[in-house]
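One structure below.
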Amino acid sequence: MNEKNNKLDKEIFVRIPNSLIRCHSKSIKKKIILVYIYLDRHRSLENLVHFSIYNLVRSCGYVANEKTVSTNNDFKLILEFMYDNQMIEFVTPFKDIKGNLLSQIRLLNNFDCVENFTKITLREIDVLMLESNNIDKTILFSLYLYIKSFMINRSLTADGEEYKNAYEKPSSFFGTYNSIIETLGYSKGTITKCLEEYTNIGLLKKHETGSYFISCNGVIKKINAPNIYVINNPNADQEIEWTLEKFKQLYNVDKFHVMQNKYKNKKEKNK
């Protein structure tokens, strides 16, 4: 494995529980993702976190001052939720956590997820926070982590190399819009905007798979295969190639054709 790959593997990361990722947008758990990342990044060796509620809110990409009472209270509710679930304990009394006052909490054993989690590196966090300003950070992070949660983390040999059968488990995402909408509750327009943003800021690489033909009751139909998204790193093209081979087996085809333009077809029918 080359030096660039080794560097990627050694990046510092935060482990987010999948239970926080794969939940509906109306759930309080969505904003917890941002708070979880903040607390993990700012913890001391003694698992203490010093913060103010304003600093916490601003670090999560929201405006915080004496006028943003509703937003400030939302983040206090998240801390209370984490306390109720024995993830944190308040060193500073909960009633005294407000404004710019310095507060302190301690992370408990339940805070650290040891299974069923998804990793997000500090580089990814910084890119999402600093290079994307047009989308709500809660939506941006939750959808990105949802996509990553389906990307397989393959085990490596003792020498850090890929096993010979690595091609059998490509690390990619090819979920449908309907599956994302059903799980997260975001609109198709919001999902499309986020997907475009991830590729524009260089976190994901997209491959438009194309279409294939099937026979249904003697009628030949052209069906669009899902697009493929992979982490934009030196292995991206390889992951796409392996995923395409899986698709060919799944759909029993030798190749894919130009994607069918559903919008164009609908316009032609209406003429």
Which one is farthest from Asp84 (Cα to Cα) among residues in the stretch 26-57 that are among the hydroxyl-bearing types (Ser, Thr, Tyr) and surrounded by fewer than 19 Cβ atoms within 10 Å (Cβ to Cβ)? Ser44
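Could you tell me whether the stretch 161-171 includes any residue that is buried (at least 19 other Cβ atoms within 10 Å of the Cβ) and on the phi < 0 side of the Ramachandran plot?
Among the residues of the stretch 161-171, at least one is buried (at least 19 other Cβ atoms within 10 Å of the Cβ) and on the phi < 0 side of the Ramachandran plot, which makes the answer yes.
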With the condition kept exactly as written, say whether any residue in the stretch 211-220 is β-branched (Val, Ile, Thr), loosely packed, with under 13 Cβ neighbours inside 10 Å and modelled with pLDDT of 95 or more. no
Selection count where residues are surrounded by fewer than 19 Cβ atoms within 10 Å (Cβ to Cβ), closer than 13 Å to Pro17 by Cα, in contact (Cβ under 8 Å) with a residue 60 or more places away in the chain and not hydrophobic (A, V, I, L, M, F, W, C), scope the stretch 73-121: 3
Which condition number does Asn252 fail, the rest of (1) under 19 Å from the mean Cα position of the chain (by Cα); (2) surrounded by fewer than 16 Cβ atoms within 10 Å (Cβ to Cβ) being met? (1)
All conditions in (1) over 19 Å from Trp242 (Cβ atoms); (2) without any contact (Cβ under 8 Å) to a residue 40 or more places away in the chain are true of Asn153 except (1)
Conditions (1) touching a Gly at 6+ places or on another chain (Cβ under 7 Å); (2) of a type outside the set (Asp, Glu); (3) modelled with pLDDT of 95 or more -> Tyr229 fails only (1)
Checked the stretch 131-182 for anything assigned to a helix (DSSP H, G or I), of a type outside the set (D, E, K, R) and farther than 28 Å from Lys26 by Cβ; matches are Ala166, Tyr167
If you scan the stretch 95-119, which residues turn out to be part of a loop (DSSP other than H, G, I, E, B) and either among the acidic types (Asp, Glu) or more than 29 Å from the chain's Cα centre (by Cα) (or both)? Ile97, Lys98, Gly99, Asn100, Leu101, Leu102, Asp112, Glu115
Does the stretch 58-84 hold any residues that are in contact with a helix residue (DSSP H, G or I) (Cβ under 7 Å, 6 or more places away or on another chain), more than 25 Å from Leu130 (Cβ to Cβ) and not in a helix (DSSP H, G or I), and which are they? none
Any chance you could count how many residues in the stretch 183-198 are touching a residue at least 12 places away in the same chain (Cβ under 8 Å) and either part of a loop (DSSP other than H, G, I, E, B) or under 11 Å from Asn232 (Cα atoms) (or both)? 3
Search the stretch 206-224 for residues being part of a loop (DSSP other than H, G, I, E, B) and more than 30 Å from Thr121 (Cα to Cα), and hand back the single one that is nearest to the chain's Cα centre (by Cα). Gly210
Failed condition for Phe13, given (1) over 24 Å from Arg123 (Cβ atoms); (2) surrounded by fewer than 18 Cβ atoms within 10 Å (Cβ to Cβ); (3) in contact with a helix residue (DSSP H, G or I) (Cβ under 8 Å, 6 or more places away or on another chain): (1)
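The values are calculated or read from the model by the stated rules, or taken from the named source; none is laboratory data. What you see is a predicted model; the values in this text were computed from it and never measured. Don't worry about glycine lacking a Cβ; one is built from the backbone with ideal geometry, like all the others, and counts go over all protein chains shown.
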